[in-house]
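What follows is a set of notes on a single structure, which appears directly below.
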Amino acid sequence: MSEPQTYKNLIGGEWVASVTGQTFESTNPADTREVVGVFQQSNAEDIDAAVQAAKSAYESWRLTPAPKRGEILFKAAELLRQRKEQAARDMTREMGKVITEARGDVQEAIDMLYFIAGEGRRLYGQTTPSEMPNKFQMSVRVPLGVCGLITPWNFPMAIPSWKILPALILGNTVVIKPAEDAPISTYNFVQCLVDAGLPPGVINIVTGYGPEAGEPLVRHPDVKVVSFTGSTAVGQHITKVAAETMKHVSLEMGGKNGIIVMDDADLDLVVEGVVWGAFGTTGQRCTASSRLIAHRSVADELGRKLAAKAESITIGSGLDEGVTMGPSINADQYKIVCDYVEVGKQEGATVVTGGERLTDGNYQYGFFHQPTIFGDVKASMRIAQEEIFGPVTAIIPVDSLDEAIEVANGVKYGLSSSIYTQDVNQAFRAMRDLDTGIVYVNAPTIGAEIHLPFGGTKATGNGHREGGTQALDVFCEWKSIYVDFSGGLQRAQIDNAE
Ligand code: NAP
């Protein structure tokens, strides 16, 4: 194994060591003997330096024409396309997702670069007629200033791109603190922006642990908005901390996503979708299909077919092209998965397949677990209510569409949901009544595209969306401008009233 690279913080266009003098290692979750990178263990002082650099860069970046800003993003897209394979391999090594999925993660960032580059020539506001004569009015987006971005490890390039790019195109500057488990993908992404000509200080990276490096970013008075993706517990904490300085806060958090399977569904199609939705990214997606709310008349047959398919999954290092499921991200997350599997057994659910950790041979060096399907699950059980974030899904039998929708909505999260049916009336009822930010029909709960809004209801979010042009709203204020060219005083609601 080659000597790991040491990565420094990027502050004001310079690569600098943390003032702490301390570093931490990131290891390959498929083989923890491999250190994939060494990173700065930063603190509040490093964060302050990065925020000051971002603040200095803001004045000229906000006045750079947005189409010019877009051109830099376009060049970065071209660079990332050229670097896609290496970026994907780095991602698999640092966080374990299989190489085909890592390529998809990088592709999502490329798509986002092209999409937001184009926004540089749009950033549409509104013009509306005035209620007064000889008066013009419009609304325009204005940037906020320094944006603090905190990201998780599970989509280590796509999620930073969802935040960085809308922030930049609007004329904001950025400080990003990536997750300690997978920072390299953020570096690879930001390097493309730097190489494409992004001026120094417009984007800054500071690595470190959440409480030591993330929280000072949330507390910093010169940071105007915090955009966070991660767990609901940390998101709630961030909201409270950010309130002290009256920051804008955008949160994307957990999920407990359900697939409804009606009795007229094409079960072979369901099986394909469920195995992808539940075990893709080793179940470590906020949109993972962790509940199958199946009509009782098909639940057993579905369980049998699913077990056969799940047992054909090849588990191992994601760099091996034949492998279809990788490890959990780290020891803590692995323990959570193992513990929840025990909870499911104790709660009385049936293990349809899986249920065991893998520790033999090369598996001993990583965090591997069998894909696990529980049957006979009751909607109130913990495995049907709490986010597991691992390769575990639960079949919950129901008797009707009404009951299925009630069960689907009966969790604290509201990110994604799906229904498999061939009945258009049932599909439209589900689309209307499922209380989630994303609904799929005849597809699993994963598979979002970057140009539609992404996010969830209830404990998943706080009303904001990433993706689509809605993502722009997180990183700007609206300014309404009225121009009176009548030459006199015109009083709205008064001079024109009857
Ligand atoms: P996490 O533990 O909440 O961490 C997310 C980020 O917050 C990391 O960068 C973490 O730093 C940082 N952090 C931790 N404590 C902090 C604090 N006190 N102040 C500021 N920052 C802090 O979540 P995760 O384990 O990385 O990700 C898994 C979770 O993300 C799941 O719940 C999943 O559903 C959710 N997620 C949601 C979406 C969505 O769009 N809705 C997408 C992906 C993932 P360190 O880890 O480096 O310490």
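The values are calculated or read from the model by the stated rules, or taken from the named source; none is laboratory data. Quick caveat: nothing in here was measured; it's all calculated off a predicted structure. Every residue, glycine as well, gets a Cβ built from its backbone with ideal geometry; the counts of neighbours run over all protein chains shown. For accessibility, only protein heavy atoms count, side chains too; no ligands or nucleic acids. Shrake-Rupley method; radii C 1.70, N 1.55, O 1.52, S 1.80 Å.
Nearest-5 percent of antiparallel DSSP beta bridges in the chain?
45 percent
Full-extension gain between Ser2 and Glu59, please, as 0.36 nm times their residue separation minus the C-alpha to C-alpha distance.
Here the segment from Ser2 to Glu59 would lengthen by 16.3 nm.
In bins 10 Å wide, starting from 0, what share of all Cα pairs of the range 106-160 does each bin hold, as a percent?
18, 29, 29, 14, 9, 2
How large is Rg/Rh for the range 194-288, to two decimals, with Cα atoms and a Kirkwood Rh?
Result for the range 194-288 is an Rg/Rh of 1.17.
May I ask for log10 I(q)/I(0) of the chain at q = 0.05, 0.06, 0.08, 0.13 Å⁻¹, from a Debye sum over the Cα atoms as equal point scatterers with solvent left out?
-0.21, -0.30, -0.52, -1.21
If you consider only alpha-carbon coordinates, what radius of gyration and Dmax does the range 238-320 have, in Å?
18.1, 55
How many Å³ per residue does the convex hull of the Cα positions in the range 1-77 occupy?
So the per-residue Cα hull volume is 136 Å³.
To the nearest 20 debye, what charge dipole does the chain have about its Cα centre, counting +1 at the Cβ of each Lys and Arg and -1 at the Cβ of each Asp and Glu?
Dipole magnitude for the chain comes out near 1140 debye.
For the ranges 390-401, 356-367, 163-174, 415-426, what's the packing order if you count other beta-carbon atoms within 10 Å of each residue, average per peptide, and put the highest first?
Those peptides, ordered most packed to least, come out 163-174, 390-401, 415-426, 356-367.
Per residue, how large is the accessible surface of the chain? Use a 1.4 angstrom probe and give square angstrom.
Heavy-atom accessible area per residue stands at 41 Å².
Could you give me the percent of Cα pairs per 10 Å distance bin for the range 305-432, shortest bin first, beginning at zero and ending with the bin that holds the maximum distance?
Using 10 Å bins, I get a P(r) of 12, 36, 33, 16, 3, 0 for the range 305-432.
Largest first and in whole Å, give the semi-axes of the range 189-247's equivalent ellipsoid, each being the square root of 5 times a Cα gyration tensor eigenvalue.
Working through the eigenvalues yields semi-axes of 25, 14, 10 Å.
Starting at the first residue of the range 112-121, write each ³J(HN,Hα) from the Karplus equation 6.51 cos²θ - 1.76 cosθ + 1.60 with θ = phi - 60°, in whole Hz, x for Gly and Pro.
Once θ is set to phi - 60°, the couplings for the range 112-121 become 5, 4, 5, 4, 6, 4, x, 4, x, 9 Hz.
Mind listing the long-range amide H neighbours of Ile293? Cut-off is under 5 Å, sequence gap 5 or more, other chains count too, H placed in the peptide plane at 1.01 Å from N.
Ile259, Ile260, Val261, Ile396
With point charges of +1 on the Cβ of Lys and Arg and -1 on the Cβ of Asp and Glu, referenced to the Cα centre of the chain, which listed residue (Ala243, Ala265, Val106) lies farthest in the positive direction of the dipole?
Ala243
Considering the convex hull of the alpha carbon atoms of the range 27-176, report its projected area averaged over all viewing directions, in nm², one decimal.
Reported value for the Cα convex hull: 11.7 nm².
Dipole of the chain (Lys/Arg Cβ +1, Asp/Glu Cβ -1, origin at the Cα centre): which of Gly283, Ser60, Ser18 lies farthest to the positive side?
Ser60
Which FRET efficiency value, to the nearest 0.05, is calculated for His451 and Glu477 with the Förster distance at 30 angstrom and r the Cβ-Cβ distance?
Here the calculated transfer efficiency is 0.80.
So what are the ³J(HN,Hα) numbers for the range 481-494, from phi and the Karplus equation (6.51, -1.76, 1.60; θ = phi - 60°), rounded to whole Hz, Gly and Pro as x?
Per-residue couplings from phi come out as 10, 10, 10, 9, 10, 7, x, x, 7, 10, 9, 4, 6, 10 Hz.
Among the listed pairs Lys224/Lys479; Lys163/Lys247; Lys55/Lys177; Lys335/Lys458, give every one whose C-alpha distance is greater than 19 Å.
Correct reply: Lys335/Lys458.
May I ask you to work out the translational diffusion coefficient for the range 318-392 at 10 °C, viscosity 1.306 mPa s, via Stokes-Einstein with Rh from the Kirkwood sum over Cα pairs, reported in whole µm²/s?
Roughly 122 µm²/s, to the nearest whole number.
Hey, can you grab everything whose amide H is under 5 Å from the amide H of Val351? Only 5+ residues off in sequence or another chain; H modelled, so Pro and N-termini drop out.
Gly375
Tell me whether the range 121-278 comes out rounded, prolate or oblate; compute the Cα gyration tensor, take square roots of the eigenvalues as a ≥ b ≥ c, and use a/c under 1.5 as the rounded threshold.
In terms of gyration-tensor shape, oblate.
Using a 1.4 Å probe over the heavy atoms of the protein chains, calculate the carbon and sulfur portion of the accessible area of the chain as a whole percent.
Ligands and nucleic acids excluded, carbon and sulfur give 50 percent.
Using modelled backbone amide H atoms (1.01 Å from N, in-plane), which distant-in-sequence or interchain residues come within less than 5 Å of Asp484's amide H?
Result for Asp484 returns Phe136.
Can you tell me which of 434-445, 96-107 comes out highest on packing, and rank the rest after it, using the mean Cβ neighbours within 10 Å?
The most tightly packed comes first, giving 96-107, 434-445.
Hey, what number do you get for the chain at 222 nm if only DSSP H runs of n ≥ 4 count, each worth -39500 (n - 2.57), divided across all residues, to the nearest 500?
-11500 deg cm²/dmol
Once the dipole of the range 434-498 is set up with Lys and Arg at +1 and Asp and Glu at -1 on Cβ about the Cα centre, which of Asn462, Ile481, Gly447 lies farthest towards its positive end?
Value: Gly447.
How much accessible surface does Tyr334 have with a 1.4 Å probe, in Å² rounded to 10?
Answer for Tyr334: close to 20 Å² accessible.
Could you work out how far helix 66-82 tilts from the main Cα principal axis of the chain, as a 0 to 90 degree angle to the nearest 10?
Approximately 30 degrees, to the nearest ten.
Tell me, what HN-Hα J-couplings in whole Hz come from the Karplus equation 6.51 cos²θ - 1.76 cosθ + 1.60 at θ = phi - 60° for each residue of the range 154-166, using x for Gly and Pro?
Going residue by residue, I get 7, 10, x, 10, 4, 5, x, 5, 4, 9, 4, 6, x Hz, with x marking Gly and Pro.
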